Amino acid sequence: MSFNVLWLQSGGCGGCSMSLLCADTADFPALLKDGGINLLWHPSLSLDNQQDLLGLLQDVLGGHTRIDALCIEGAVLRGPNRSGRFHLLAGTDLPMMRWITQLAAVATHVLAVGSCAAWGGISASGSNPTDACGLQYEDEQMGGLLGANFCAQGGLPVINVAGCPTHPGWVIDTLMLLAAGQFDAQDLDPLGRPRFYADQLVHHGCPRNEYYEYKASAAQPTDLGCLMENMGCKGTQAHADCNTRLWNGDGSCLRGGFACINCTAPGFQSPGHAFDRTPKLAGIPVGLPTDMPKAWFVALASLSKSATPKRVKVNSRSDHVVLPPASRSTRLR
Amino acid sequence: MTRRLVLGPFNRVEGDLEVQLDVADGLVKAARVNAPMFRGFELMLAGREPMDALTIVPRICGICSVSQSVAAARALADACGVVAPPNGELVTNLMLACENLADHLTHFYLFFMPDFTSPVYAGRRWYAQAQQRFAALAGSPTGGGLHSRMALAARARWFELVGTLGGKWPHTGTILPGGSARAIEATERVRLLARVREMRAFLEQTLFGTPLEEVAALHSLAALEAWRQRAAGSDLALFLDIADDTGLAALGPGPGRYLSYGAYAQADGTHAFARGVWSAAQQSVLPLDTDQITEDPRHAWYAEPYDVDVDAAADANTCASPNALHPSVGSTQPQADKAGAYTWNKAPRLAGQVLETGAIARQLVDGQPLIRAAVAARGGCVSTRVLARLLEVARIVPLMTQWLQALQPHAPFYAAHTLPDNAQGVGLTEAARGALGHWLRIENGRLSHYQIVAPTSWNFSPRDAAGTPGALEAALVGAPLDNTLVVSALGDATGNTSVAVQHIVRSFDPCMVCTVH
């Protein structure tokens, strides 16, 4: 029996769908099909036209068609004045938020695909002009559209496949695990994110790790050094496997030369400081590595700075390797 | 008797779209295009640190993300006067071109061609072949779609260019006012060149069936006919057969005025694809005066700062509403209950006129002879829009190879800049779908004003204060409806659409999420 997926978009950029289509596979439809997944409807991939979709939605709500996973991409737009008027599903005159509420009630699992659907995300930036929120969160606060106590028919709360965009592998792994019946409540972290990626840190596998160890920090874009001290990087606090499960071949934000902005976390869109600068108190970054007491960090940082090899120091302020590592035999004599 | 049909949601376009049609005698008599979602990015940007725009604006759009980044970076560069070093311009062009080409592939294989696998066309001689190559990849029980699958795999692999140059796609943060945050080594360049050759191989084997240069050099309709014979098995040749058989040249005429801001900045200040306005009537390129751009909110759900006596304006036969403002002074304040409004998209005009933008505009302005000849013979229509996109694909790949070879490893990719506390800037670029502009102002070190005019804002514009419909609205007039359509089981308020309407809408490759930024 195939695992039926219904994918709908609301207040977002569509980038999580575009990212999904970058999945690392030679044959995308076969990847899903062989994983037991049947895409009933996807806005970018279905032939069927509007009447077919509206008919499908009626079938689902009438109990004639089962949806195993409802994937919502984009934030819920509640405004103005909680009317949902900022997004009426085309052809229906009904607020998208009403459609989502009804469909979530009958779906076996509900996935928030991307940080907009999970927490509001970028769509809730600044003054949040559309009153955007996530399916079960509004920034860090539980609630959102469906409420803190929402549980889908399958027994799980909303599964927050957060990221901006989300990684195609995070979505596909989640769907394949669900389809295989191998995903349950203990596979979710405290924010409802799949632990297979949320139990990792962006710092893990970062190619700038040697610079981090010695606090040899970049001072400007293109510098090879660590981006934590000056350039706003939150990779030591951000939950995701971006540097071990790479993006678009060999990419990640750090590898692209720019800071991790912790885009898998609620509220990342309004960090309270410029994205590209590290906020500091008395010269010490405010956001320290997760699980690390401040005194230890300060002690280690001053020690490692004083022990920085010249090679690391010089290269950290260059856009290419100026001083190569010394070559020494590693054989035991 | 005139009936009103409401069509939507449209799939295989980016974002949510609704089209209202007034139909009579089996033809569309009038159309209104509704972008049914509001997102409010211009309001979100106010009060932010100026450089935050580079994190926020790519997220306007998941399919035009790099283009949004480039427009913002150029606007910030304009505000502070920094000039990116040659390497910075080259890698920016490479990322733009990568996204542009991928978007054209996505449009052709995933969004546009699947319509020809609709059961409506069963029985056409090309139907089985269309099924086999272009069947939709979800919700379709028929299988097939082999070339769409190959294109999707080639596209995913292709975006590994941005993986290397920009860390990820969509939503890179590598693009900066002073160039790029990521220097490229010689070893990376040879790998990127190999990736470009892979894409060339896919295009030459599947889409074109001949070397790219042969396609890029096509200069007349006669040359295209001769090329078709040589490349009979290719997807472009199949498209041309289908276009002839289904009469796509008769569908969706554009306004005859085409806008390009110029694509791919060159070191000498020009563009690889020139800037300007192509007038089909005058058969000439007119200079572009961006001071003449306005956005008219009359039929959009936005507040109008100035009171207008509508009758007096009509009596005086005034076209320009005082609320049709240049984007350096325009505003975007939602007013969901505004009478007479029907979309979240304002009406952009250049000197009061409706323009079309996109690959067809770029190639016309740049003087690509085949596209000029095709538009002269058939008009800007469904088939010429698609042809222009594919021709642009053939032109882009050799340019990308040149740019990669022009990179100078270990020369700078980035120039530092300091943003003034008070400044303004304009950033113009070409997204796959056409002219994209950002207008910003910085006051006391914060963004105080941000206006964005996106390509689909032009193409899917609503009526302006004078009642002149936008490009798609006009292009739909006269489109035939399917026989089964008007007698919908659900009555007049809704109904299935005609394939002609689907072809016309998708021929513009709309990006609704950009439109409703």
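The values are calculated or read from the model by the stated rules, or taken from the named source; none is laboratory data. Since the model is a prediction, treat every value here as computed from it, not as a measurement. Cβ placement follows ideal geometry from the backbone for every residue including glycine, while neighbour counts extend to all protein chains displayed. The accessibility values were calculated without ligands, DNA or RNA, using every heavy atom of the protein model including side chains. Shrake-Rupley method; radii C 1.70, N 1.55, O 1.52, S 1.80 Å.
Our note on the geometry: Cα centres of the range B:180-219 and the range B:361-406, 17 Å apart. Helix-only arithmetic for chain B: the sum of -39500 (n - 2.57) across DSSP H runs with n ≥ 4, divided by the residue total, places the mean residue ellipticity at 222 nm at -11000 deg cm²/dmol.
With q set to 0.05, 0.06, 0.07 Å⁻¹, the log10 of I(q)/I(0) for the protein assembly as shown, from the Debye formula over equal scatterers at the Cα positions, is -0.25, -0.36, -0.50. The lysines within cross-link reach of B:Lys338, meaning a Cα-to-Cα straight distance under 16 Å and a gap of 8 or more places when in the same chain, are B:Lys346.
Shielding by partners for peptide B:407-415, expressed as the average number of C-beta atoms from other protein chains within 10 Å of each residue's C-beta, is 3. Positive end of the dipole of the range B:3-515 (Cβ unit charges, origin at the Cα centre): among B:Ala201, B:His219, B:Leu251, the Cα lying farthest that way belongs to B:Ala201.
For the range B:225-274, the share of alpha carbon pairs falling in successive 5 Å distance bins from zero is 4, 16, 13, 11, 11, 19, 16, 8, 2, 0 percent. Here is the result for the range B:200-272: no GluC sites (Glu not before Pro) lie in DSSP coil with at most 10 other C-beta atoms within 10 angstrom of their C-beta.
When B and A come together, around 6300 square angstrom of accessible surface is lost from both chains combined, probe 1.4 Å.
Could you name every residue in the range A:16-51 that has 50 Å² or more less accessible surface in the full protein assembly than in its own chain alone (probe 1.4 Å, ligands and nucleic acids excluded)? Residues of the range A:16-51 that lose at least 50 Å² of accessible area once the other chains are added: A:Met18, A:Leu21, A:Cys22, A:Pro29, A:Ser44, A:Leu45, A:Leu47, A:Asn49, A:Gln50, A:Gln51.
The gain in end-to-end length when the A:Asp189 to A:His204 segment is fully stretched comes to 3.6 nm, 0.36 nm per residue minus the alpha carbon separation. Its residue count N fixes a reference of 2.2 N^0.38 Å for the range A:3-198, and the Cα radius of gyration divided by that reference is 0.94. Placing +1 on each Lys and Arg Cβ and -1 on each Asp and Glu Cβ, with no other charges, gives the range A:200-318 a dipole about its Cα centre of roughly 360 debye.
Projecting each Cα onto the charge dipole of chain A (Lys/Arg +1, Asp/Glu -1 at the beta carbon, about the Cα centre), which of A:Leu246, A:His87, A:Val76 comes out farthest on the positive side? Comparing the listed Cα positions along the dipole, A:Leu246 ranks first.
Accessible surface calculations at 1.4 Å, restricted to protein heavy atoms, place the range B:364-463 at 28 Å² per residue.
Where does the Debye-calculated log10 I(q)/I(0) of the range A:200-318 sit at q = 0.09, 0.12, 0.18, 0.20 Å⁻¹, using only Cα point scatterers of equal weight, no solvent? Relative scattering, expressed as log10 I(q)/I(0), comes to -0.22, -0.40, -0.93, -1.16.
Hey, for a label at B:Ala46 modelled as a point 7 Å past Cα toward Cβ, could you say which residues of the range B:438-458 have their backbone N under 20 Å away? Backbone N within reach: B:438-454. Packing here is the average count of other Cβ atoms within 10 Å per residue, and on that basis the peptides A:307-318, B:359-370, B:231-242, B:279-290, highest first, run B:359-370, B:231-242, A:307-318, B:279-290. Comparing mean-square fluctuations of A:His203, A:His109, A:His42 from a GNM of chain A with C-alpha springs under 10 Å, the top value falls on A:His42. Shown here: chain A, whose C-alpha atoms stretch 73, 49, 32 Å along the first, second and third principal axes, sorted largest to smallest. Only protein atoms count toward the accessible area here, which uses a 1.4 Å probe; on the protein assembly as shown, the carbon and sulfur part of that area reaches 52 percent.
Legend: mean number of C-beta atoms from other chains within 10 angstrom of residue C-beta atoms, peptide B:328-338, equals 2.
Summary of the geometry: the range B:39-91 and the range A:42-61, compared by the centres of their Cα atoms, lie 36 Å apart.
Put simply, the convex hull of the Cα atoms in the range B:351-423 casts, on average, a shadow of 9.0 nm².
Residues of the range A:156-204 that lose at least 20 Å² of accessible area (1.4 Å probe, protein heavy atoms only) when the other protein chains are present, relative to their chain alone, are A:Cys164, A:Pro165. If you plug the beta carbon distance of B:Glu185 and A:Glu213 into 1/(1 + (r/R0)^6) with R0 = 25 Å, you get a FRET efficiency near 0.65. Within straight-line reach of B:Lys168, meaning a Cα separation under 21 Å, sit the following lysines at least 8 residues removed in sequence or on another chain: A:Lys234.
Give me a single rounded figure for A:118-128: the average over its residues of other chain Cβ atoms within 10 Å of their Cβ.
Details: counts 0, 0, 0, 1, 10, 5, 1, 10, 11, 5, 3.
Shielding by partners across A:118-128 averages 4.
For the range B:3-515, place one equal point scatterer on every Cα, skip the solvent, and apply the Debye formula. What is log10 of I(q)/I(0) at q = 0.09 Å⁻¹? Reported log10 I(q)/I(0), two decimals: -0.62.
How big is the gap, in Å, between the Cα center of the range A:92-169 and the Cα center of the range A:11-27? Each part reduced to its Cα centre gives a spacing of 18 Å. Average projection, convex hull of the Cα set of the range A:40-142: 6.7 square nanometres. Using the Cβ-Cβ distance between B:Tyr306 and B:Ala376 with R0 set to 60 Å, the FRET efficiency works out to roughly 0.90. Over the range B:330-385, the hull volume per residue, using the convex hull of the C-alpha atoms, is 135 Å³.
In the context of the full set of protein chains, residues of the range A:186-333 present 49 Å² of accessible surface per residue (probe radius 1.4 Å, heavy atoms only). Name the residues of the range B:40-65, by number, that are at least 20 Å² less accessible with every protein chain in place than in the isolated chain; the surface is that of heavy atoms, probe 1.4 Å, without ligands or nucleic acids. Those residues are B:Leu43, B:Met44, B:Arg48, B:Glu49, B:Met51, B:Asp52, B:Thr55, B:Ile56, B:Arg59, B:Gly62. Could you name the lysines in cross-link range of A:Lys310, using Cα to Cα under 17 Å and dropping any fewer than eight places away on the same chain? Result set, ordered by chain and number: A:Lys215.
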